[in-house]
Amino acid sequence: MKKLFLLGLSGILLTACAPKTAKQTEFMLDTICTITIYEEKNKEKTADELIEEAFELCSGYEDMLSRTIEGSDIYKLNNSGGTPVEVSDDTVEILEAAKRYSELSDGAFDITTAPLSILWDFEGEDPHVPPEDQIQAMTEKIDYTKIKIDGNTVTLEAPVEAIDLGAIAKGYIADRTADYLRENGVTSAYISLGGNLYAIGSNSQEKRPFRLGIQDPKSTDGSIIGYVEVSDKSLVTSGDYQRFFEEDGKRYHHILDPETGYPTDNGLSSVTIVSDKSLDGDALSTACFVLGLDDGMKLINSLDGIEAVFIDSSNEIYLSDGFGKTIEFYDAE
């Protein structure tokens, strides 16, 4: 077996050569995170101080939402044995959003897949294909309707044993980070939380929207296949190249189908969502990847203010209806 782990950036900032006020990179949220400020109007704090405080905010959310950090809301829920747990307002907001996208996608997006993801162990030292009977046993523990929310009290009812916010939490954190920076006078900035990208305002130096690149799923060096120009928008990609391993000559990626228990196999290589909120993009990129091209595109075209770029295993590119009307896609130069 050959293990391969790629932390593929779902997008690349193509205007990085522009002058910047401040930039900082940290490893948190199990990935590489970067915040760059190009223009701010805060008279009390420097751009460096604002970035430092923004990362402190991210760290606080990680302590609250991580499945593995002892004492987090999610850790408490997963170790509650089905008893009610009091959680924060932020956790409730994310859980309600997760349930909403589960319903919207008919279960293609489901945070109760945690036991299945743990079984596959894509982030472990020696991931391998689990036995069939164990996979099927874990699929029986998947059911988003068993997450019960009453105010700030959350209960995981049987058969659900655990949840994982990995497919939605970074989107929420990116949104809150952008809110914080805006509230503190930042008018032009770029946030990258392991590929959850958020452009605040426009590129103030170049007097144009930020150009965000979409990675070529077939590349091994992060080359882009195209880009979009956006202001005050998020770009999130789910792709089969981001985390995977190979066993007996076959590649297994980390985007699991809740119905089969196996990595989704429908001919897609990546789905990129462009939206006002990164939380929406985070959930929808996963949901649409699992749904496949036809059903995923149908879902995106039914939603206002959200667009998508689907790339199949032959590197054919498919765009949602809003491209050419509200946003443009450009081939890589």
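The values are calculated or read from the model by the stated rules, or taken from the named source; none is laboratory data. What you are looking at is a predicted structure, and each value in this text was computed from that prediction instead of being measured. Cβ coordinates were reconstructed from backbone atoms using ideal geometry, including for glycine residues, and neighbour counts include every protein chain displayed. SASA here: full protein model, heavy atoms, side chains in, ligands and nucleic acids out. Shrake-Rupley method; radii C 1.70, N 1.55, O 1.52, S 1.80 Å.
Summary table below
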{"quantity": "Ranking by accessible area, most exposed first, for Lys233, Lys41 with a 1.4 Å probe", "calculated": "Lys41, Lys233"}
{"quantity": "Residue-normalised accessible area of the stretch 258-322, given per residue in Å² at a 1.4 Å probe", "calculated": "37"}
{"quantity": "Over the chain: helical MRE at 222 nm, DSSP H runs n ≥ 4 each giving -39500 (n - 2.57), nearest 500", "calculated": "-8500 deg cm²/dmol"}
{"quantity": "Percent of alpha-carbon pairs separated by more than 26 Å within the stretch 33-151", "calculated": "39"}
{"quantity": "Overall dimensions of the stretch 113-220 by Cα: Rg and Dmax, Å", "calculated": "19.8, 57"}
{"quantity": "The stretch 131-175: C-alpha gyration tensor shape, a/c 1.5 cut-off, then a/b vs b/c", "calculated": "oblate"}
{"quantity": "Radius of gyration and Dmax over the Cα atoms of the stretch 142-199, both given in Å", "calculated": "16.1, 47"}
{"quantity": "Tail weight of P(r) past 11 Å, computed on alpha-carbon pairs of the stretch 172-217, percent", "calculated": "69"}
{"quantity": "Label-point separation in nm, Ser302 to Tyr180, each point 7 Å along Cα→Cβ", "calculated": "3.6"}
{"quantity": "Gyration tensor verdict on the chain (Cα atoms; rounded if a/c is under 1.5, prolate if a/b is larger than b/c, oblate otherwise)", "calculated": "oblate"}
{"quantity": "Area projected by the alpha carbon convex hull of the stretch 103-167, averaged over all directions, nm²", "calculated": "5.3"}
{"quantity": "Relative intensity, log₁₀ I(q)/I(0), of the stretch 178-333 from a Debye sum that treats every alpha carbon as a point, q = 0.11, 0.20 Å⁻¹", "calculated": "-0.44, -1.30"}
{"quantity": "Net charge of Cβ neighbours under 11 Å - reference Ser320; Lys, Arg +1; Asp, Glu -1", "calculated": "0"}
{"quantity": "Using distinct alpha-carbon pairs, which all enter the 1/r mean, Kirkwood radius of the stretch 163-248 in Å", "calculated": "14.4"}
{"quantity": "Inverse of mean 1/r across different Cα pairs in the stretch 241-288, Kirkwood, Å", "calculated": "12.1"}
{"quantity": "Alpha-carbon gyration tensor eigenvalues x 5, square-rooted, for the stretch 26-91, Å", "calculated": "32, 13, 7"}
{"quantity": "Viscosity 1.567 mPa s, 4 °C: Kirkwood-radius Stokes-Einstein D of the stretch 271-333 over Cα pairs, µm²/s", "calculated": "110"}
{"quantity": "Max mean-square fluctuation residue, GNM over the chain, Cα-Cα springs under 10 Å, options Pro263, Pro217, Pro159", "calculated": "Pro159"}
{"quantity": "Pairwise FRET efficiency - Thr187 versus Ser314, Cβ, R0 = 41 Å, nearest 0.05", "calculated": "0.50"}
